[in-house]
1. If you roll a 1.4 angstrom probe over the protein chains with everything in place, what fraction of the accessible area of segment 292-415 belongs to carbon and sulfur, to the nearest %?
2. For segment 351-409, take N as its residue count and report Rg(C-alpha) divided by 2.2 N^0.38 Å.
3. Given H placed 1.01 Å from N in the peptide plane, which residues other than close sequence neighbours of T317 have an amide H under 5 Å from its amide H?
4. Lysines near K125 by alpha-carbon distance under 21 Å, same-chain residues fewer than 8 away left out - which ones?
5. Tell me the per residue accessible area of segment 377-462 using a 1.4 Å probe; a whole number in Å² is fine.
6. Cα-based Rg of segment 410-502 per 2.2 N^0.38 Å, rounded to two decimals?
7. Could you tell me the convex hull volume per residue, in Å³, taken over the Cα atoms of segment 248-344?
8. Beyond 15 Å, what percent of the Cα pairs of segment 388-458 remain?
Amino acid sequence: GRSAAPGLPRARGICPALALFGPGGADSTPGGVRRSGPGARRSGRELRLWDGSGGVTNPSSGQSAVPPRPSPGNEESESENKLDGETASDSESKSDFGGSSPVPTSDDTPEVLNRALSNLSSRWKNWWVRGILTLAMITFFFIIIYLGPMVLMTIVMCVQIKCFHEIITIGYNVYHSYDLPWFRTLSWYFLLCVNYFFYGETVTDYFFTLVQREEPLRILSKYHRFISFALYLTGFCMFVLSLVKKHYRLQFYMFGWTHVTLLIVVTQSHLIIHNLFEGMIWFIVPISCVICNDIMAYMFGFFFGRTPLIKLSPKKTWEGFIGGFFSTVLFGLLLSYVMSGYRCFTCPVEFNNDTNSFTVDCEPSELFQLQEYNIPVVLQSVVGWKTVRMYPFQIHSIALSTFASLIGPFGGFFASGFKRAFKIKDFANTIPGHGGIMDRFDCQYLMATFVNVYIASFIRGPNPSKLIQQFLTLRPDQQLHIFNTLKAHLVDRGILGSLEDA
């Protein structure tokens with residue numbers, strides 16, 4: 001390969017830039033071998049000390065050994081043991097950064113299922129395990145929907161914390177030998193700060209009347225952003241004070257690791273809660289479309305898959321990708337039709353100040369009222385209809401299901417690339433046959449962001465109730481000024497005069 005810059009070690013491994021600063025200092029490799037001095041020689045991509053006799057000297061023990069040349073059979077077996085896309089330098093870098101070799105994944109399948117499926121091949125055993133636990137998760141999903149918005153928001157927060165824990169644990173396990181000070185403490189502290197900021201904004205926005213009624217909440221709401229910034233600055237200063245010589249680059253790397261995790265997990269889970277307040281249907285349909293696409297893509301790929309889709313996920317096939325797309329669009333249309341007829345799904349989730357509880361009762365908007373649409377002339381001869389009655393939301397569901405099946409999987413591909421970079425199969429083993437919680441929500445977070453942007457761009461309009469709430473908090477002279485301005489505007493347009501005549 002190409003030689004490194006003079007005086008600097010070769011960047012390689014999990015984070016190439018980290019090779020500049022190892023335990024040996026700025027002029028050493030991560031293993032502590034200095035680059036300067038005679039006799040230093042690069043063997044392949046590893047730095048060793050050449051003893052002049054054809055052997056390689058281990059700097060720590062001083063022992064010399066001639067590395068054996070692997071036989072063709074051994075080379076083939078070694079290459080088979082590596083993950084797809086893994087290079088020789090990736091394997092060699094494990095010891096350089098204190099990481100251990102990947103531990104074989106233990107069988108976390110419940111013993112009851114192991115005994116019941118013992119006579120099946122591993123392929124069909126995995127199919128049944130995934131299927132049974134998928135049905136269990138769908139059942140749990142229906143239960144939490146039945147329990148209402150408050151339980152849903154609590155579950156979203158619990159999932160967010162578990163996903164954050166899984167990603168931070170990967171970083172901690174990879175670099176645990178460096179014993180970085182305060183790494184875990186600061187990671188969880190920043191999680192607390194970000195959640196305080198986002199949930200504080202949500203409470204102020206959707207529980208405005210309650211906040212103004214309680215003096216402590218009103219003070220916290222008024223200075224919420226200043227308090228949030230002060231909390232973050234405290235963590236920032238703690239990080240600077242924790243910096244240790246020879247680990248500067250690695251500590252900044254983990255600082256970035258934590259913040260990117262917060263951006264991916266916490267920010268997008270907060271958008272899920274915002275979608276929920278727009279109406280349960282904006283929460284249930286997108287999540288259900290992702291679940292449907294995941295299931296149907298797996299089914300089509302399992303039975304008909306022949307053509308690989310992407311190298312990051314060798315088991316993904318074009319047959320599964322295309323079959324999942326059409327199945328998801330059809331599922332989205334049917335589910336939207338059923339849910340659009342129920343106010344408990346279509347009405348925005350609002351807080352009732354009289355009962356101190358959430359309510360989902362309203363007059364359905366035009367989006368959830370049946371309308372008649374003309375079928376294109378080209379399709380009239382095929383379907384035999386000239387018009388069709390459907391909810392306008394069903395048209396929006398086509399956009400949601402299309403994103404869930406065509407773009408959503410790229411969240412999974414991103415997660416696959418991340419796991420391959422660290423030689424792990426799953427983020428955790430929380431769910432047998434499925435991996436960790438993050439393995440199930442890698443596409444959901446991307447979908448939540450799209451739904452939030454879609455609502456803000458094409459659906460949401462001015463909210464009169466929020467305007468009235470803010471109006472009532474103004475001083476009397478400000479309220480009177482707004483009243484006179486509004487009255488003059490309505491008179492000029494002739495609206496107020498017509499109302500008085502009526």
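The values are calculated or read from the model by the stated rules, or taken from the named source; none is laboratory data. Remember, predicted model here, so these are calculated numbers, not experimental data. Please note: Cβ atoms are built from the backbone with ideal geometry, for glycine as well, and neighbour counts cover all protein chains shown. For the accessible areas, the whole protein counts, side chains as well, though only heavy atoms, and no ligand, DNA or RNA atoms are used. Shrake-Rupley method; radii C 1.70, N 1.55, O 1.52, S 1.80 Å.
1. Here it works out to 66 percent.
2. 1.73
3. Under 5 Å from the amide H of T317 lie the amide H atoms of L309, each far enough along the sequence or on another chain.
4. K315, K316, K425
5. On a per-residue basis, segment 377-462 sits at 47 Å².
6. Ratio of Cα Rg to 2.2 N^0.38 Å: 2.14.
7. Hull volume normalised by residue count: 104 Å³.
8. 62 percent
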